[in-house]
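Down below is the structure, laid out as C-alpha cells.
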Amino acid sequence: MKILFYTFLLLSFNAFSQLNMTQLGYIDLVGLHNSDASDIWAYVDQSGNEYAIVGLNDGTSIVDITNPASPTEVFYEPGMNSIWRDIKTFGDYAYVTTEAPNGLLIIDLSSLPNAAGITTTYYTGPTGDEWESAHNLYIDENGVCYIFGANRDTGGCIMLDVATSPTAPIELGSFENWYAHDGVARGDTLYMGHINDGFMSIVDVSDKANPVVLGTTNTPGNFSHNLWFSDNGQYVFTTDEISNGYIGSYDISDPNNIIELDVVQSSPGMGVIPHNSHVIGNFLVTSYYRDGVVVHDITDPTNLVEVANFDSSPLSGDGFNGCWGAYPWLPSGNCIISDIEAGLYVLGVNYQQACYLEGNVTDINTSAPISNADITIVGQNNIEYTDLSGDYSHGAANAGNYTVEVAKVGYLTETINNVNLSNGNTTILDVQLTPLPSYDITGNVGVENAMIVAENPSITYNTTSDVNGDYIITGVYDGSYDMYFGKWGNETQCSNVTVAGASIVEDAPLATGYYDDFIFDFNWTSTGAASTGAWERDVPEGTGFGNGDPANPGDDVTSDCGDMAYVTGNGGGGVGTDDVDGADVVLTSPVMDISGLSNPVVSVDLWWVNDGGSGTPDDSLIVVAIDGSSEEILGFYTSSASDQGQWNNRTFALSSSSLDLTSLQIQFKTADWSAGSGHVVEAGVDRFQILSADGISEDLVNFTVYPNPSKDVIFVENDNFTNNLDYSIVSIAGELMKTGNLNSSSTPIVIENLATGVYFIRIKSESSLHTIKFVKQ
C-alpha cells in the first residue's frame with residue numbers, strides 16, 4: 001500500500017523542483033525489492049564502468065549506471081531488515097554496515113563487469129570482542145576503516161585495517177569517549193559527529209590505540225549528525241538532523257579554537273531536515289529529507305550560497321522521506337542520490353560559482369551600524385542578517401538584476417532595484433536605514449512584579465509592574481500587538497492593542513487566583529528518568545500515526561491566551577520521534593495556598609495518547625495532588641480512554657480532609673512502562689486553574705478499605721454505598737494494575753497476584769471520586 005500511495009504522489013507531482021541539476025536516469029529499486037532505500041555510494045571498475053551501491057531495508061543493491069539513461073541492477077545481496085545501511089568502498093571492495101545484527105558485509109567487486117563473480121564475506125570483530133551491528137563507517141585513503149555506533153562498548157569508533165587483509169580486517173584500536181554517529185578521516189585526523197551529545201569532535205588518531213581529542217564544538221542544532229572536511233583541511237561542514245536544521249561551516253585551523261563561520265538552511269521555515277553533506281572541490285553536496293539534494297558554493301566558507309538543487313520527493317516540510325544520500329565524485333561528473341520511497345536517481349550537475357552580494361547597513365542619522373537587519377534578495381530562499389558591525393554577505397545562484405530589500409524593526413524598509421549580480425564576482429551594496437518614530441504603552445495591573453509582554457511576529461517587548469502595579473513599555477513602533485499580563489497567584493489576562501502614531505494606555509487588573517495557560521514561565525518543574533519525551537513548555541508541534549490520527553498535539557487549547565502548552569516531547573518528526581520512552585516523566589506545579597477556597601477543584605485541559613507498538617498499550621497518565629507529606633490521585637487515564645488525541649477539559653475535586661491545602665502542588669505523571677513494545681505515549685497540559693465549586697457531592701467521603709495491609713483480598717466499605725462503582729488500582733509509580741466494578745461493600749477485590757508494596761485504589765461515582773492508599777503484604 002505504501003508503494004502504491006507513493007507512486008500516486010509521484011504521478012501527481014509532474015515536475016521535480018530543480019536548479020542547475022537535471023535527471024539523467026532512474027531505477028525503481030524500492031518497487032523492485034519491495035524495500036525502502038537508505039544510503040548510497042559508488043564504485044568504478046577497471047574498465048571505467050560506473051556503479052551505484054544502494055542500501056535497502058532488506059539488502060544491498062549494485063546498479064550499473066555507466067549509461068545513466070538505463071540503470072541496470074547487476075547484483076543484490078539480501079540482508080537482515082533494518083532502516084539503516086551505509087556503504088563505503090576501498091580498492092575493489094565495498095563495506096556495508098547496518099543496525100541489524102548482520103555484521104560488516106564485505107563485497108568483492110573485482111570481477112566486475114562480470115557480476116556473476118561477485119563474492120561476499122561477513123565480519124563481526126575479533127574473537128572475544130565481537131560486535132554485530134553499527135550505524136555507519138568511513139574508509140580513509142590509507143585503508144583504515146572507521147566503524148561508528150557499533151553495539152560494543154560506548155558505540156564510539158572502532159578502527160580496522162582493511163588494506164592489509166580486505167576480507168579479514170585487523171582491529172587497530174578504538175575511541176570510546178562518546179557515542180559516534182558518523183565521521184570522516186584523513187591522514188591522522190578523525191572528525192566525528194556525536195549526535196546524542198550535540199557536538200562534533202576532532203581527534204588525533206596517529207596512534208590508533210591511544211586517540212587524543214584535539215577539540216570539540218557544538219553544532220547549531222546540538223544534534224550533530226554528519227560532517228565533512230574541505231579539500232585544504234582548514235574547514236569542516238556539519239549537518240544537524242532536525243527539523244529546520246542547519247548546515248554549519250567552521251574554521252578548524254586551530255582545533256582548540258574552532259570558529260563558526262556561517263550557517264545556512266534549505267527552504268527556511270519549512271521544517272525540512274538535512275542529512276548528509278559531502279565536499280567536492282569548492283562545493284558542498286547535501287541530501288535533505290523531503291527537499292532533495294542541494295549544492296552550496298563554499299568558495300567563501302563565511303558565505304555559503306545555494307547554487308543547485310534537485311528535489312526527488314513530492315512531499316515537503318518536516319519528515320523522514322525522500323532523499324537519504326548523495327554521491328558526487330563519479331568520474332563522469334554525474335551525481336547519484338537514493339530516495340527512500342523511490343530508489344536511485346542519476347543526475348547531471350552544473351557546478352557554477354555563486355554571485356556574491358556584500359555590504360554594510362547603518363543608521364542614516366547617526367551612521368551607527370545596525371545589527372540583525374534582514375537582507376533579502378527577492379526570489380531567493382534564504383534571508384541573511386547583518387552582524388554586530390552591520391556587515392552582511394549574501395548571494396544568488398544565477399547572474400541577473402535583482403531587487404534587494406533591507407529591513408529592521410524600527411526602521412523604514414529600504415528596497416533597492418536592479419542590483420546586478422554576476423557569477424564568481426562580488427557586488428558591494430551599502431545601505432542606510434531611516435528610523436521610525438516610537439511610542440509608549442502604559443497601564444496598571446493591580447499587583448507588583450507582574451510580567452507584561454507585547455509582541456507581534458517582528459518584535460517582542462517585556463517588562464514588569466512596579467510596587468503600585470504600574471508598567472511602561474517604551475520604544476514601541478506602529479503596529480498591532482498581542483499583550484499578555486500574568487503573575488503566579490493571579491489570573492492571566494490577554495488583549496490586542498494597536499499603536500498608531502501615539503502612546504496608548506492598556507490596563508489589565510489581575511484577579512487573585514491560580515491560573516496558567518503557559519504564556520509565562522511560572523517555574524513548573526519537569527523531572528523523570530525517561531530517555532525522551534520530557535515535559536516541555538512550548539508551542540506544540542504535531543505528530544501523527546499513518547492513518548491520520550494525531551499523537552503529539554499540533555496546537556494548544558485555542559480558547560486560552562497565546563499558543564503555548566506543556567507537552568511530553570516536542571521534537572516533531574515521526575510519530576514516535578520524541579514521545580515518552582523507557583521510564584517516567586513528571587510535571588509539577590509551583591506551590592499553591594488554596595486554603596481560602598470553598599470546595600476547591602482543579603480544572604485543566606488534558607491531552608492523552610497511548611497507542612501503536614506491539615501488544616495492547618498499557619501505559620497511563622495520572623493527575624496527583626501532593627502537599628509534601630501525602631498525595632491523592634485525582635485522575636487516571638489509560639489506552640482504553642475513548643477521547644484520546646484531543647484536548648479534553650477535566651475537573652477534579654480536592655479533599656481538605658486528606659491534603660494540606662496551604663502547600664498544595666499538582667503533578668501530571670506519565671511513563672512508557674513496557675520496554676521494547678514500541679507503544680506511543682504522548683500527553684499535554686493546558687489552561688490549568690483552581691476554582692471554587694460549592695455543592696460538589698460528598699457521597700464517597702466516608703469510605704474505607706480493609707483489611708489494610710492485606711495479602712490476598714480487600715473490601716471497600718461506605719455508609720452510603722452506591723451500586724456499580726468503578727474502581728482502578730495503580731502502583732505507587734502510577735502503573736495500572738487492575739480495574740473492576742463494585743456492586744456492594746461485600747464485593748471482594750483480589751490482590752494476591754500483586755507484588756508486595758504500596759498501591760492506590762480509586763473509586764469513582766457519577767459525581768465524585770476518591771483515592772486511598774493500601775499496602776499489599
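The values are calculated or read from the model by the stated rules, or taken from the named source; none is laboratory data. Only a predicted model underlies this, so the values are computations on that prediction, with no experimental measurement involved. Positions of Cβ are backbone-derived with ideal geometry, glycine not excepted, and every protein chain shown enters the neighbour counts. Remember, those area values only see protein heavy atoms, side chains included, never the ligands or the DNA or RNA. Shrake-Rupley method; radii C 1.70, N 1.55, O 1.52, S 1.80 Å.
Couple of notes before you dig in:
- Positive dipole terminus of the chain, leading residue within Pro328, Pro617, Gln667 (C-beta point charges): Pro617
- Highest to lowest packing among 247-255, 47-55, 524-532, scored as the average C-beta count within 10 Å: 47-55, 247-255, 524-532
- Most tightly packed first, judged by the mean number of other beta-carbon atoms within 10 Å of their residues, the peptides 166-173, 559-566, 281-288 read 281-288, 559-566, 166-173.
- The chain: antiparallel DSSP beta bridges as a percent of all, rounded to 5: 95
- Point-to-point label distance, Val212-Asn648, nm (Cα→Cβ direction, 7 Å offset): 6.2
- Gain in span if fully extended, Ser165 to Gln18, counting 0.36 nm per residue against the direct Cα distance: 48.6 nm
- Simple label model, 7 Å out from Cα along Cβ direction - Asp521 to Thr66, nm: 6.2
- Shape call, the chain: gyration tensor on alpha carbons, a/c limit 1.5: oblate
- Student exercise, segment 24-140 dipole from Lys, Arg, Asp, Glu Cβ charges, in Debye to nearest 20: 140
- Counting only Cβ charges, +1 for Lys and Arg and -1 for Asp and Glu, the dipole size of the chain around its Cα centre is about 980 debye.
- Segment 46-60 residues near the modelled Ala116 label - backbone nitrogen below 19 Å, point 7 Å along Cα→Cβ: none
- Each part reduced to its alpha carbon centroid, segment 456-487 and segment 318-392 end up 36 Å apart.
- Extension gain, Asp478 to Thr124: 0.36 nm times the residue separation minus the Cα-Cα distance gives 120.7 nm.
- Accessible surface, the chain, averaged per residue in Å² (probe 1.4 Å): 40
- Charge-dipole axis of the chain as Lys and Arg at +1 and Asp and Glu at -1 on Cβ define it, positive-most pick from Tyr514, Leu29, Val203: Leu29
- Among 383-390, 332-339, the peptide with the highest mean count of other Cβ atoms within 10 Å heads the list, and the full ranking is 332-339, 383-390.
- At full extension, Ser640 and Asp726 could sit 29.6 nm farther apart than now, given 0.36 nm per residue minus the alpha carbon distance.
- Oblate is the label for segment 423-529, because the ratio a/c of its alpha-carbon gyration tensor axes (a ≥ b ≥ c) is 1.5 or higher and a/b is not greater than b/c.
- J(HN,Hα) series, segment 320-337, from Karplus relation 6.51 cos²θ - 1.76 cosθ + 1.60, nearest Hz, glycine and proline x: 9, 9, x, 6, 8, x, 9, 10, x, 9, 5, x, 5, x, 6, 10, 10, 10
- Rolling a 1.4 angstrom probe over the chain with all protein chains present gives an accessible area of which 46% lies on carbon and sulfur atoms.
- Rounded if a/c under 1.5, otherwise prolate or oblate - segment 142-242, Cα gyration tensor axes: prolate
- Label-point separation, Ile259 to Tyr439 (7 Å along Cα→Cβ), nm: 4.6
- Computed over the chain, the per-residue total of -39500 (n - 2.57) for DSSP H runs of n ≥ 4 gives a 222 nm mean residue ellipticity of -500 deg cm²/dmol, rounded to 500.
- Inter-part distance where segment 587-640 and segment 184-236 are each reduced to a Cα centre, Å: 45
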